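Novice: After the structure tokens below, expect a handful of questions from me.
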Amino acid sequence: MNFYALFKRRQFACGANKILRIMKLTIVILVTSLLHVSAAGFAQRISMNKNKASLLEVIREIRKQSGYDFVITSPQIRAARPVSITVQNKTLKETLDECFAGQPFTYAVEGNIIVIMNRPTNVAANPQPPVVIKGRVKDSKGNPLPGASVMVLGTRRAAMTNAEGYFSIVVTEKSVLRISMIGFESVDVPVSDQKELDITLKEMNLELGELVVVGYGLVKKENLTTSVATITSEQITQMPTTNLSQVFAGRIPGMLARTSSGVPGADDATLLVRTSNGSQPPLLVIDGVPRINAFGNGQYGLGDIDPNEVESISVLKDNAAGAVYGSRAANGVIIVTTKRGKLGKPQFNYISNLTWSRAGKMVKNTDAYTYALTQNEFYTNSGLTAPYSAAVLDTIQRQLAPYKYANTDWIGLLTGKPALVQNHSLNINGGVESVKYFISGSYADQQGMYPGNSLQRYTLQSNFDVNLSKQFKAQVNLGYRTSKQNIRGGSTAMNQAVNTSPLTPAYMPNGTFGAGTTTANPLVTISEQSGYQYIKDNFLTLVGKLTWEPTFLKGFSAYANIASEKLFLRGKSYQVPVPQFRLDPSSPTGYFQAAGAGKPTLNDNTNDANNYTLDMGMNYKYRFGKHGIEALALYTQSENSSNTNSDTRLNLVAPGLDILNLGSTIGETTSGTRGQMARAGYVGRLNYDFDNRIFFEASFRFDGSTFFAPGNRWGFFPGASAGWIISRENFFAGVNDVVNSLKLRASVGLTGDDSVGANSYYYTYRIANTGVQNASGYIFGTAYTPTFVLANGSLPNENITWAKNRQENIGIDAVLWDRKLGLTFDIYRKNRYDMLRTSDAVLPGTFGINAPIQNFAKMRDRGFELELTSEQQLAADWKLSLNANFTYVRSEWVEMGTRLLPDYLRQEGRSTNALVGYHSLGIFQNAAEITAWPVDQDGLKNSSIKPGDLKFADRNGDGKLTVDDQIWMDNMGFPPINFGFGFNLKHKGVMLSAFFNGAMGGYIRYGANTNWQYIYDNSWRPGNEGAKYPRLASSTNNSRVSDATLIKDDFLRLRDVRLSYELPKKWLDAVKLKQVRLYAQASNLFTWTSVLGGIDPETPNLGTGGASGGFYPNQKNIGFGVNVNF
């Protein structure tokens, strides 16, 4: 690998050898300096001053200063008496003795572990003879628990479980053992006459808080100073989907997610973080490696991941959290962490689910008779002759000639049958101290609504953790994904189904396909006779990490991480003309071929992409007294390359011979591209906390990108944040029973954006060599000649550099009433400036090329987020969990270089999802109303305006309708308000879960489609004067873009619901199974929406084009599954 080879200029040379020398020297200097401040925790003395503090608070302070871990065996620890203690430079024993004076607890020191237990009340007068008892401690999944504490109550005897969870301890016949471990509920076990014990501990919420994955590290959730949201593996697997991108909808405050297609393999959700601008996707990081595929969009890797291999997902929402990722974090970061091995014997987990899917919300077309009436009305209103006479209308209505005037429900034919989706996943994890492993394999088969649409995907992921020695550790991740997406028909067939006349017969009497008049027969498009179209991809990832943790320098570590990703994609499209017929009484066969003549066409294309990433970093973590510091220094570089090739040949010899060499070279089109880019960055981060109450974080990234010309490639992007856990202050003690935890956060950060693309700062050329198929070819004499042509879409500009994104965030986290209510609130503002845009106002269209890209545009995103959670113990065996979140975001242009243009072209202050059009004031009801109307709408004194036509506002009052009268219509596409809420209700082994999500404040613009029943029902005509839409006609006036066809895009969707049952353990013991869970689940089951006519509220074609229902709908899924652990 020639990392960073694209930085050719001397001042930007970053050779690997030079970097390695720098890193080695830095490590030596840092190790030498830190040796002077390193000290063993055992030798530390304790200093503290606490007044009426809780015993747990004092224990946390002792743990920080001494480095000793605590094991709490008494469940009554929270009821301990308040502690008032003042010690200065005292030993650990002196401090502990003073701390536990007068308490109903005592302690014992075992190695570097302090065990806290109930103080014995009496001692047996006649002790029983001692015996040795053995046992094993496991978690609820059967995994061994190393390091669990085993105490003999009433004595100081204790033991610890080994790596396999086994222990042995001396007891008497009447002894009681207390087994405990941090993160698990303690249990008391009477010994009686047993010689071996099998003990299971249940997990509980950690007192020290869960860990959250952030950029290049882990942070306790309670210590976060930035805005980060998480999704757990349990939430991920509750939704029946093969595509991981679909689990985000409504679950992350601040994230907008919309799935606009249900095509198998092309059902990626569009994900946006704290913006409604659809061109600002977030960065995806998988197991610490930023993911970039051959298309340059980091979001797409989510569809390649088996949801069952994911441990957690973190979303970094503010710039202070994402600054360490530099340029690619300007729009947020999604961090996916896969599962890793755990200590213990091999544990197998098999997950299988079968789901039946069918179209969710879908438009309804008119039947044949209504369609004919619609056409007659349209033609008559347009001044033309009606195409269907009364006799023909009677024939159509009574279906007297079904092969000439059919009544075909095209949408029903394509969407009527349910499709099967199945997922199977098997993983194994386990290991010993030296090697831990997680290996997972999966198979997914997603069938579409009609033949030729499907996705088959195989995945294999293996993660290994190896302890090479006391100082060196290694991680190796190897992943392989391969899939085949069959896309014959795709959304094209659905578009044809919406637009094809119902009078066209699906089949003729002899079984051949019927021919349409203006559009193809949709059944031909999805027929096997029409050929095939598929995309195959193979994706291989290899990640290796080596970590050094020197024993002589506590808290220090250094690591090197190398990732290699290889993508090979092949697409093939084989199009075979299929004969389509109409009735012809004059023909000997009774038919004539109206379509489908010709020979097959073949396109074969490949895409070969390679991505390499190298990280070399150092971490240092140290506590002294009440102070804690953690530092990160990192160098990172990446190189990406891709090669594409495509070849199309016409007139293949015969159907079935899908080989390029069998096609004609006349009209052949060939093309190929090669792309390379590289990035490098220096990263630093420093965390400081005082007394686990006050936290500061500062970070930076010095980033370089080859997308810019030498001299403008590097940018500096810093971030800073702070947090204050007020609830840990002494003055807050009086309200701790109500407000258990309260933290304030604030952050500010600057990130860069280099998404201008390659080759924007110099002229580029390509060769036009096939004039027949390529309009850029040139004729010299009588023949097309290979010619160099300019490929730039805009003038090059060597002065462009990084776009900037500055974000401020203020947040609050609170837990109230003993965890019965959790609250997180954030308010933020993002100012994007020096954005890379072309000013349309600089050059006229006749110049022949667009104006150069410049750093001038500005955009602002602002909003707030609220998240609520609640945990309720309703009864002994009933538990209820609730969650809800709310997001508001507005994205608007601040500077687009259009301030001097007329209002209808001036984008400053407008939503980034705005549309320009006319403001409708209703519909003309009669000729008198038209005559009295003072505004000339057609330039002909309204002579072409008819009853049923739209009337528009004359905003400038000049008495005529012109482009200056247009208005801006905001929030087209992504609604500014998004929300989600759900619950989990658990009773013993039964759990019911449901989740809803929705949106408000957006708009959809409907397109005109005379086949659509909704448009016919709501169009103006005599007798239907109160209609929403104008008369059906070819009308320049009514075809103007206006707000007359806008409809609110509000909806509430039951995103998923699941009922599961865990079989009792006693049933499973006989068959040697650890756990079996059965479940039934559904997704997209119900949708309540203001969008009428069958359009899905997450439909594509949002905005300027209008929506007419011609899309592959989101699917409604119902299924069941099983999860077996053994």
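Novice: Using a 10 Å cut-off on Cβ atoms, rank the peptides 166-175, 1037-1046 from the highest mean neighbour count down.
Specialist: On the way: 166-175: 16.7, 1037-1046: 18.7.
My ranking of the peptides, most packed first, is 1037-1046, 166-175.
Novice: What is the sum of charges, Lys and Arg at +1 and Asp and Glu at -1, for the other residues whose Cβ falls under 9 Å from the Cβ of S84?
Specialist: Working: positive: K50, K52; negative: none.
Result for the local shell: +2.
Novice: Contour minus end-to-end for N51 and Q422, with contour as 0.36 nm per residue of separation and end-to-end as the Cα-Cα distance? Before the final figure, lay out the partial values.
Specialist: Values: separation 371, 0.36 × 371 = 133.56 nm, distance 6.06 nm.
Length gained between N51 and Q422: 127.5 nm.
Novice: Name all residues of region 527-566 having a backbone nitrogen under 20 Å from the label point set 7 Å from the Cα of D647 along its Cα→Cβ direction, giving them as ranges.
Specialist: Backbone N within reach: 532-537.
Novice: Size of the dipole of the chain about the Cα centre, Lys and Arg at +1 and Asp and Glu at -1 on the beta carbon, nothing else charged, in debye to 20?
Specialist: Charge dipole of the chain: 2460 debye, to the nearest 20.
Novice: Let me ask another. Let me understand region 425-562 better: what is its radius of gyration from the alpha carbons, and its Dmax, in angstrom?
Specialist: 26.5, 88
Novice: Calculate, in nm to one decimal, what D367 and R157 gain on full extension: separation in residues at 0.36 nm each, minus their alpha carbon distance. Before the final figure, lay out the partial values.
Specialist: Working: separation 210, 0.36 × 210 = 75.60 nm, distance 8.48 nm.
Here the segment from D367 to R157 would lengthen by 67.1 nm.
Novice: Right, something else. With r as the distance between the Cβ atoms of Y443 and T665 and R0 = 51 Å, compute the FRET efficiency 1/(1 + (r/R0)^6) and round to 0.05. Intermediate values should be presented prior to the final figure.
Specialist: Details: r = 41 Å, r/R0 = 0.81.
With R0 = 51 Å, the Cβ-Cβ based efficiency is 0.80.
Novice: Oh, and also: Cut-off is 10 Å between beta-carbons; in what order do K820, K202 appear when sorted fewest neighbours first? Intermediate values should be presented prior to the final figure.
Specialist: Working: K820 14, K202 10.
Listed from fewest to most nearby Cβ atoms, that is K202, K820.
Novice: Sort 941-954, 509-522 by the packing proxy (mean of other Cβ within 10 Å over each peptide's residues), most packed first. Display every interim value, and only then the final one.
Specialist: On the way: 941-954: 19.3, 509-522: 17.4.
Ranked by mean Cβ neighbours within 10 Å, highest first: 941-954, 509-522.
Novice: Taking a point 7 angstrom from the Cα of Q676 along the C-beta vector, which residues in region 530-547 have backbone N less than 11 Å away?
Specialist: Of the residues in region 530-547, none has backbone N under 11 Å from the label point off Q676.
Novice: In cubic angstrom, how much convex hull volume per residue do the alpha carbon atoms of region 211-342 span?
Specialist: Values: hull volume 15.1 nm³, N = 132.
Spread over its residues, the Cα hull of region 211-342 gives 115 Å³ apiece.
Novice: At 7 Å along Cα-to-Cβ for each site, give me the label-to-label distance between N799 and L354 in nm.
Specialist: Result for the modelled spin labels: 6.7 nm.
Novice: Round to the nearest 0.05 the FRET efficiency obtained for T172 and S140 when R0 = 35 Å and r is the Cβ-Cβ distance. Don't skip to the answer; put the middle values down first.
Specialist: Numbers: r = 30 Å, r/R0 = 0.85.
With a Förster radius of 35 Å, E is 0.70.
Novice: For region 215-341, give the magnitude of the charge dipole about the Cα centre (Cβ charges: +1 Lys/Arg, -1 Asp/Glu; no others), in debye to the nearest 20. Numbers along the way, then the final one.
Specialist: Working: 10 positive and 10 negative charges, 72 e Å.
Once rounded to the nearest 20, the dipole reads 340 debye.
Novice: By DSSP, what percent of the beta bridges with both residues in the chain are antiparallel, rounded to the nearest 5? Walk me through the numbers on the way to the answer.
Specialist: Working: 375 of 397 bridges.
Percentage antiparallel, nearest 5: 95.
Novice: If you rank K470, K484 by fewest surrounding Cβ atoms within 10 Å, what's the result?
Specialist: Values: K470 9, K484 15.
So the residues, fewest neighbours to most, are K470, K484.
Novice: If you don't mind, another one. Find the percent of Cα-Cα distances in region 909-961 that exceed 13 Å, and round it to a whole number. Walk me through the intermediate numbers first.
Specialist: Values: 843 of 1378 pairs.
That fraction is 61 percent.
Novice: Principal axis extents for the chain, Cα atoms only, whole Å, descending order, please.
Specialist: 116, 69, 68
Novice: Now for a different question. At a Förster radius of 35 Å, what calculated FRET efficiency corresponds to the Cβ-Cβ distance of S944 and S389, to the nearest 0.05?
Specialist: So, using R0 = 35 Å, E works out to roughly 0.80.
Novice: Given a cut-off of 13 Å, what percent of all Cα-Cα pairs of region 338-409 lie beyond it?
Specialist: 77 percent
Novice: With each label point set 7 Å from Cα along the Cα-Cβ vector, what nm distance links V109 and R1077?
Specialist: 4.3 nm
Novice: If you look at just the Cα atoms of region 838-983, how large are its Rg and its Dmax in Å?
Specialist: 24.5, 80
Novice: Pairs of alpha-carbon atoms within less than 8 angstrom and 6+ residues apart define the contacts here; what relative contact order does the chain have, in percent? All intermediate terms of the calculation are to be shown ahead of the outcome.
Specialist: Numbers: 2964 pairs, mean separation 110.1, N = 1126.
Once normalised by length, the contact order is 10 percent.
Novice: Applying a 10 Å radius around every beta-carbon, put 271-278, 545-552 in order of their mean neighbour count, most first.
Specialist: Ranking, from highest mean packing down: 271-278, 545-552.
Novice: Can you give the extra length, in nm with one decimal, that the chain gains between K404 and Q88 once fully stretched, where that is 0.36 nm per residue apart less the Cα-Cα distance? Walk me through the intermediate numbers first.
Specialist: Values: separation 316, 0.36 × 316 = 113.76 nm, distance 10.06 nm.
That pair, K404 and Q88, stretches by 103.7 nm at full extension.
Novice: Percent relative contact order of region 211-342, based on C-alpha pairs within less than 8 angstrom and at least six residues apart? Mind dumping the intermediate values first?
Specialist: Working: 256 pairs, mean separation 39.1, N = 132.
Taking the mean separation of contacting Cα pairs over the length of region 211-342, I get 30 percent.
Novice: For K988, give me every one of the lysines with a C-alpha distance below 19 angstrom, ignoring sequence neighbours fewer than eight places off in its own chain.
Specialist: Straight-line reach from K988, under 19 Å: K141, K202, K879, K1065, K1066, K1074.
Novice: Treat each spin label as a single point 7 Å out from the Cα along the C-beta direction, and report the S1090 to V432 distance in nm.
Specialist: So the two model labels end up 6.6 nm from each other.
Novice: Calculate, axis by axis, the spread of Cα positions in region 1013-1126 along the three principal axes, and write the results as whole Å, longest axis first.
Specialist: 77, 28, 19
Novice: Projecting each Cα onto the charge dipole of the chain (Lys/Arg +1, Asp/Glu -1 at the beta carbon, about the Cα centre), which of M835, S440, N243 comes out farthest on the positive side?
Specialist: The one lying farthest along the dipole's positive direction is S440.
Novice: Could you tell me which of M151, N799, L961 has its Cα farthest along the dipole of the chain towards the positive end, charges placed at Cβ (Lys, Arg +1; Asp, Glu -1), taken about the Cα centre?
Specialist: M151
Novice: Take the alpha-carbon centre of region 796-841, take the same for region 520-538, and report the distance between them in whole Å.
Specialist: Here the two parts' Cα centres lie 44 Å apart.
Novice: Equivalent-ellipsoid semi-axes (√(5λ), Cα gyration tensor) for region 945-1019, whole Å, largest first? List each step's numbers first, then the result.
Specialist: Working: eigenvalues 424, 76, 12 Å².
Largest first, region 945-1019 gives 46, 20, 8 Å.
Novice: Using only the alpha-carbon atoms of region 307-442 as identical scatterers, what base-10 log of I(q)/I(0) does the Debye formula give at q = 0.09, 0.13, 0.21 Å⁻¹?
Specialist: For the requested q values the scattering log ratios are -0.65, -0.81, -1.14.
Coordinate-derived values only; no laboratory data. Please read these numbers as outputs of a predicted model, since none were measured by experiment. For neighbour counting, all protein chains shown are included, and Cβ atoms are generated from backbone atoms with ideal geometry for every residue, glycine included.
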